[in-house]
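First up is the structure itself, then whatever we jot down about it.
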Amino acid sequence: MHKTPLLDQLESGPWPSFIKDLKRVAARKKPAADLLGLLERSYKDKITHWKHGGIVGVLGYGSGIIGRYTDLPEEFPGVEHFHTVRVNQPSGWFYTTKALRELCDIWDEHGSSILNVHGSTGDMIFLGTTTPELEPCFAKLTAKGWDLGGSGSAMRSPSCCVGMARCEWSCYDTMDLCYEATQNFQFEMHRPSFPYKFKIKCSGCPNDCVAAVARADMSVIGVWKDDIRIDQAAVKAYAGGELKPRGGATPYAKLDVQADVVALCPTACMAFDGKTLKIDNKNCNHCMHCISLMPQALRPGTETGATLLLGSHAPILEGAQMSWVIVPFMEMETPYEPFMDLVANITEWWSENGKNRERVGELMLRLGMRAFFKGVGLEPPPQTVKTPRANPFFFWHEEDFEAEAAGRKYIK
Amino acid sequence: MALSKEALAEYIYDMVAKAQGKKNLKAMDVQKAVLKEHPDQNKNDIKFAIKDLIDGGRCVYTYFGGSYIEIPHEEGAAKKV
Ligand code: HEM
Ligand code: SF4
Ligand code: SF4
C-alpha cells in the first residue's frame with residue numbers, strides 16, 4: 001500500500017469516506033491500491049495523472065466503454081489501463097440481490113471491484129479494468145442478460161423515476177416507457193451517429209425526481225389534463241392538524257392551508273375559506289406544490305399523459321439550458337409510437353443540421369423554434385412561447401399565407 | 001446510381017482510409033459524402049454498411065470529444081511515456 005497522508009485526512013470528518021471504502025478494496029486489489037497512490041500523487045502535484053483513451057471498446061459497439069490510462073504507468077502499474085464499463089441500468093434501478101451479486105462477481109473477476117451505483121447517466125459504472133479484460137467481461141455480462149449503456153455521440157441509456165412501481169403520482173408508466181425506448185433505440189445507443197450525446201429521462205409527474213428538465217435532451221414529464229382531485233374532508237383534516245403535511249416529512253406538526261398551500265400557489269389559482277378548498281384548474285400550471293403538501297387530500301387528475309420538453313444540457317458550446325416545452329400533452333400508451341417517431345424525427349433533423357458537439361437544444365436556439373418545428377414536423381403550440389408579451393413578432397412561412405387564404409381556423 | 005451492398009461498404013471503407021490521420025469522419029459525414037456522389041442511395045443501406053464494417057472489425061468507433069469512424073489503429077494514450 002502507498003502512503004497517503006493527504007487522503008487520510010478525508011477519513012477524519014463525520015461523513016462516510018470514499019477513501020475508507022477504497023482502502024478496503026485495496027487490501028485485495030492492486031488497481032485500487034494504485035488508484036489511492038495515484039490520487040495522493042495528484043493531490044500533491046495539483047494536476048491530474050489521467051489520460052483519455054479514444055479507441056478501446058468491444059467488437060461492434062461504439063459505446064459503453066470509456067478508455068482511461070495513467071501517465072505514470074511505471075509507478076502505478078495497477079492503473080496503467082483503467083477503463084470504465086457502463087452497464088445499462090434496469091428501469092427505475094430495481095435489482096434483485098441475486099442480480100447485484102452476479103454483477104459484483106463479474107467485476108471482481110474482470111476489473112478493479114470498484115463500482116459506482118449509479119453514475120449520472122443512471123447506468124451502473126464499473127470503474128477500472130484493462131483492455132484484455134473488456135471482451136471477457138462483456139461476454140459474462142451478456143450471458144447474464146445485461147448490456148452496455150450508451151456513451152459518446154450516441155443515444156444514452158434512457159432513465160426514469162420509480163414511477164408506478166412505488167409512486168401514486170405517476171401520470172404514466174415511466175418504467176415501461178424507459179424500457180421500450182431502450183429497446184427501440186438499440187442501434188442509436190450502440191452505434192454513435194449523432195452530432196453529440198442525446199439523453200431521454202422520464203419523470204412520472206412534475207416533481208421530476210430524475211431532474212429530466214435539467215439533465216435530458218428529451219425530458220418526458222408526466223402531467224394531467226383535467227382537474228386536480230380534491231377530498232374536502234381530508235383538506236379539513238390537514239387544516240385541523242389530524243393529518244401531517246407532506247406525509248410527515250416536514251418539521252411542522254400542522255399545515256396552515258391558507259399560508260402554506262394557497263398563498264404559495266405560483267399562479268394564485270387556489271382559494272380556501274376555512275372549509276372548502278377551490279382550485280381554478282384552468283390556471284393551474286401543475287407545479288405539484290399543493291399535492292406534495294397534502295397527498296391525502298389532493299391527487300393529480302385522471303386524464304394523464306406527459307409533457308415533452310427538449311434541449312437541456314450542461315455548458316459545452318453554449319451556456320447551460322433547461323428543456324423547453326415542445327409538446328404540451330401527449331398520451332403515453334404502449335407501444336408509444338408517436339413518441340418514438342418524434343424522437344427519431346428530432347435526432348434526424350439534428351444530425352442533418354447540427355455541428356460537431358452541438359447539442360439539440362443549442363441547434364434549436366441557433367436555427368430558431370420556427371425552423372425546429374418545421375424540421376421535425378410538429379405544429380407550434382402557444383405553450384412554447386417563453387415570454388409572449390416581449391415577443392410580438394412572428395414570421396410566417398410561405399404556406400401560411402396559402403392556408404390563410406384557404407380560411408385556416410385557429411381555434412379547433 | 002446506387003451502389004450494391006458490397007460496393008457501398010468498399011466505397012465507405014476507402015473514404016475512411018483516405019481520411020485517416022487527416023480528418024475525423026462522423027457517421028453523418030460518411031452518409032452526406034455518399035449521398036453527394038450517389039443521391040439515390042438508401043440512407044438505411046449506409047447505416048448498415050457502416051454497421052457491417054464495424055462488426056467485421058475493419059473499422060472502429062473512436063471517441064475524441066465526439067464519436068468518429070476510423071480504421072483500427074494503436075491507442076495513442078496507451079503508449080508508455
Ligand atoms: C427623428 C426623430 C425620432 C426618431 C427617428 C425616433 C425613433 C424612434 C424609434 C425607432 C422608436 C422605437 C419604436 C418602437 O419600439 O416600436 C422610438 C420610440 C420612442 N420615441 Fe422616438 N424617435 C424620434 C423622436 C422622438 C421624440 C422627439 C420623442 C419625444 C417627444 C420621442 C419619443 C419616443 C418614445 C416615448 C418612444 C418609446 C415608445 C414606446 O414605448 O414604445 N421620439 N422612437
Ligand atoms: S417524479 Fe413524480 S411520479 Fe416520479 S417518483 Fe417523483 S414524485 Fe413520483
Ligand atoms: S399544482 Fe401548483 S399551480 Fe396547480 S393548484 Fe397546486 S399549487 Fe397551484
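Bear in mind these aren't lab numbers, they're just calculated from the coordinates by the rules spelled out. Remember, predicted model here, so these are calculated numbers, not experimental data. A quick note on method: Cβ atoms are made from the backbone with ideal geometry, for glycine too, and the neighbour counts reach across all protein chains shown.
Applying 1/(1 + (r/R0)^6) with R0 = 25 Å to the Cβ-Cβ distance of A:Tyr410 and A:Arg389 gives a FRET efficiency near 0.85. Using Cβ point charges alone (K and R +1, D and E -1), the dipole size of chain A about the Cα centre works out to roughly 1040 debye. Our coupling estimate for the range A:94-106, obtained by passing each phi through the Karplus curve with A = 6.51, B = -1.76, C = 1.60 and θ = phi - 60°, is 8, 10, 7, 4, 4, 5, 5, 4, 4, 4, 5, 4, 4 Hz, Gly and Pro reported as x. Annotation: amide H of A:Trp324 within the under-5 Å range of A:Leu310, A:Gly311, A:Ser312, sequence separation 5 or more or interchain, hydrogens built in the peptide plane. Averaged over the residues of B:66-75, the number of partner chain Cβ atoms lying within 10 Å of the residue Cβ comes to 5. Amide H contacts under 5 Å for B:Leu25: B:Ile69, restricted to partners 5 or more places along the chain or on a different chain, H placed in the peptide plane at 1.01 Å from N.
Less than 5 angstrom separates the built amide H of A:Arg229 from those of A:Arg299, A:Gly301, all sequence-distant by 5 or more or on a different chain.
Peptides A:215-221, A:29-35, A:118-124, A:378-384 ordered by packing proxy, namely the average of other Cβ atoms within 10 Å per residue, highest first: A:215-221, A:29-35, A:118-124, A:378-384. Between 0 and 90 degrees, the angle of helix A:30-45 with respect to the longest Cα principal axis of chain A falls at about 80 degrees.
Among A:Phe329, A:Gly37, A:Tyr69, whose Cα projects farthest towards the positive end of the dipole of chain A, with charges put on the beta-carbon of Lys, Arg (+1) and Asp, Glu (-1)? Farthest towards the positive end: A:Gly37.
Across the range A:222-236, rounded Karplus estimates of 3J(HN,Hα) from the backbone phi angles (6.51 cos²θ - 1.76 cosθ + 1.60, θ = phi - 60°) give x, 7, 10, 9, 8, 9, 4, 7, 10, 10, 4, 4, 5, 4, 4 Hz, Gly and Pro being marked x. Legend: calculated FRET efficiency, A:Asp105 to A:Phe18, from the Cβ-Cβ distance at R0 = 25 Å, rounded to 0.05, equals 0.65.
Pairs of lysines in the range A:229-299 whose Cα atoms sit within less than 20 Å of one another amount to 7, provided the residues are eight or more positions apart or on different chains. Hey, quick one: spin label on A:Asp8, modelled 7 Å out along Cα-Cβ, who in the range A:33-70 has an amide N within reach, i.e. under 19 Å? Zone members listed by number: A:33-45. Rounded to the nearest 10 degrees, the inclination of helix A:174-184 to the longest alpha-carbon principal axis of chain A is 60 degrees.
Computed packing ranks the peptides A:262-272, A:86-96, A:56-66 as A:56-66, A:86-96, A:262-272, most packed first, by mean other Cβ atoms within 10 Å.
Want the number for A:Glu337 to A:Met1: 0.36 nm per residue separation, take away the alpha-carbon distance, what's left? Can you show the working numbers first?
Numbers: separation 336, 0.36 × 336 = 120.96 nm, distance 5.54 nm.
Net length gain for the segment: 115.4 nm.
Normalised Debye scattering of chain B at q = 0.15, 0.25, 0.27 Å⁻¹ gives log10 I(q)/I(0) of -0.51, -1.27, -1.44, counting only Cα atoms as equal scatterers and leaving out solvent. Annotation for A:Arg229 and A:Arg166: the two label points, set 7 Å from Cα along the Cα-Cβ direction, are 2.2 nm apart.
For the pair B:Lys23 and A:Ala268, a Förster radius of 45 Å applied to the C-beta separation gives a FRET efficiency near 0.20, rounded to the nearest 0.05. 3J(HN,Hα) along the range B:58-63: 6, 10, 9, 7, 10, 10 Hz, from the Karplus curve 6.51 cos²θ - 1.76 cosθ + 1.60 with θ = phi - 60°, whole Hz, x for Gly and Pro. Applying a threshold of 24 Å to the alpha-carbon distances of A:Lys29/A:Lys51; A:Lys98/A:Lys201; A:Lys3/A:Lys140; A:Lys199/B:Lys26; A:Lys3/A:Lys29 flags A:Lys98/A:Lys201; A:Lys3/A:Lys140 as lying beyond it.
Lacking any other cysteine beta-carbon closer than 4.7 Å, the following Cys residues of chain A have no compatible partner: A:Cys104, A:Cys137, A:Cys167, A:Cys171, A:Cys205, A:Cys265, A:Cys269, A:Cys284, A:Cys287, A:Cys290.
Structure remark: mean-square fluctuation, Gaussian network model of chain A, C-alpha springs under 10 Å; the largest value among A:Asp256, A:Asp400, A:Asp71 belongs to A:Asp400. What shape does the protein assembly as shown have by the C-alpha gyration tensor, where a ≥ b ≥ c are the square roots of the eigenvalues, rounded means a/c under 1.5, and otherwise prolate means a/b greater than b/c and oblate the rest? Verdict is oblate for the protein assembly as shown.
Considering only A:Ile230, A:Leu255, A:Thr276, the residue lying farthest towards the positive end of the dipole of the range A:229-299 is A:Ile230, judged by Cα position with unit charges set on Cβ.
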